[in-house]
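Notes for the one structure printed next.
The values are calculated or read from the model by the stated rules, or taken from the named source; none is laboratory data. Computed from a prediction, not measured in an experiment: that's the story for all the values here. Cβ atoms come from the backbone with ideal geometry, glycine included; neighbour counts cover every protein chain shown. Each accessible area value is taken on the protein alone, full model and side chains, heavy atoms only, with ligands, DNA and RNA left out. Shrake-Rupley method; radii C 1.70, N 1.55, O 1.52, S 1.80 Å.
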Amino acid sequence: MKKKNYKFEFEVYDSIDELQETDAKLLTKARKIVETAYAPYSNFFVGAAALLKNGKTITGTNQENASYSVTICAERTLLSAASTLYPNVAIETMAISYHNYNSNTHSDTPLSPCGVCRQSLLEYEDRLKNPIRLILSGIDGKVYVISKTSDLLPLSFTGEDLRK
Ligand code: THU
């Protein structure tokens with residue numbers, strides 16, 4: 001028996017003020033777009049903004065449905081838009097923010113993408129052969145910067161597995 005170790009590092013900033021300008025701008029866009037999310041059932045509003053390799057910025061928000069499982073997360077809304085508008089352009093960085101409108105919460109701790117979104121982000125990384133940097137933060141407070149999405153999904157299942 002052998003043991004294997006999985007380890008990854010990410011950056012933690014106290015606030016948006018510590019980020020470099022391009023990252024701060026992208027996070028500000030994500031924080032702003034949060035307001036336009038359609039989340040009447042959970043009141044958990046999520047916004048994402050991505051900077052593409054061609055310099056364009058694309059945004060996405062969560063889109064809920066009365067049939068709850070039909071809901072699309074902000075990250076996947078964004079990926080669908082990116083893939084439609086600029087099919088062959090890689091995503092350099094994606095900022096993700098949220099505001100939880102339920103009582104007693106401050107939305108000031110970073111949000112990590114859900115498992116389904118991690119899988120979708122990984123497909124995008126693989127497809128365009130380019131790591132997607134993630135900037136994770138609430139509407140305020142600390143910011144996490146993760147250099148590639150695949151770090152969040154060890155032992156992942158990808159298109160390569162279908163060829164095994
Ligand atoms: N949500 C996202 O948009 N992104 C995530 O990574 C986590 C969850 C949305 C889905 C649903 O509309 C609400 O947040 C509560 O789960």
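Please state which one of S103, S107 is in a loop (DSSP other than H, G, I, E, B), of a type in the set (S, T, Y) and open to solvent by less than 20 Å² (accessible area, probe 1.4 Å). Going through S103, S107 in turn, just one is in a loop (DSSP other than H, G, I, E, B), of a type in the set (S, T, Y) and open to solvent by less than 20 Å² (accessible area, probe 1.4 Å): S107.
Y144 satisfies every condition listed in (1) free of Cβ contacts under 8 Å to residues at least 60 places away in the same chain; (2) open to solvent by 50 Å² or more (accessible area, probe 1.4 Å) except (1).
For segment 50-74, enumerate the residues that are under 19 Å from K25 (Cβ atoms) and either in contact (Cβ under 8 Å) with a residue 24 or more places away in the chain or aromatic (F, W, Y) (or both).
Once the filter is applied, which keeps residues that are under 19 Å from K25 (Cβ atoms) and either in contact (Cβ under 8 Å) with a residue 24 or more places away in the chain or aromatic (F, W, Y) (or both), segment 50-74 yields A50, L51, L52, K53, N54, K56, T57, I58, T59, G60, T61, A74.
Restricting attention to segment 28-76, the residues being within 25 Å of N130 (Cβ to Cβ) and in contact with a strand residue (DSSP E or B) (Cβ under 8 Å, 6 or more places away or on another chain) number 23.
Of everything in segment 29-58 that is assigned to a strand (DSSP E or B) and within 22 Å of P87 (Cα to Cα), the residue that is most open to solvent (accessible area, probe 1.4 Å) is T57. Scan segment 115-137 for residues that are over 14 Å from D151 (Cβ atoms), in a loop (DSSP other than H, G, I, E, B) and open to solvent by 50 Å² or more (accessible area, probe 1.4 Å) and jot them down. If the condition is that a residue be over 14 Å from D151 (Cβ atoms), in a loop (DSSP other than H, G, I, E, B) and open to solvent by 50 Å² or more (accessible area, probe 1.4 Å), then K129 is the only one that fits.
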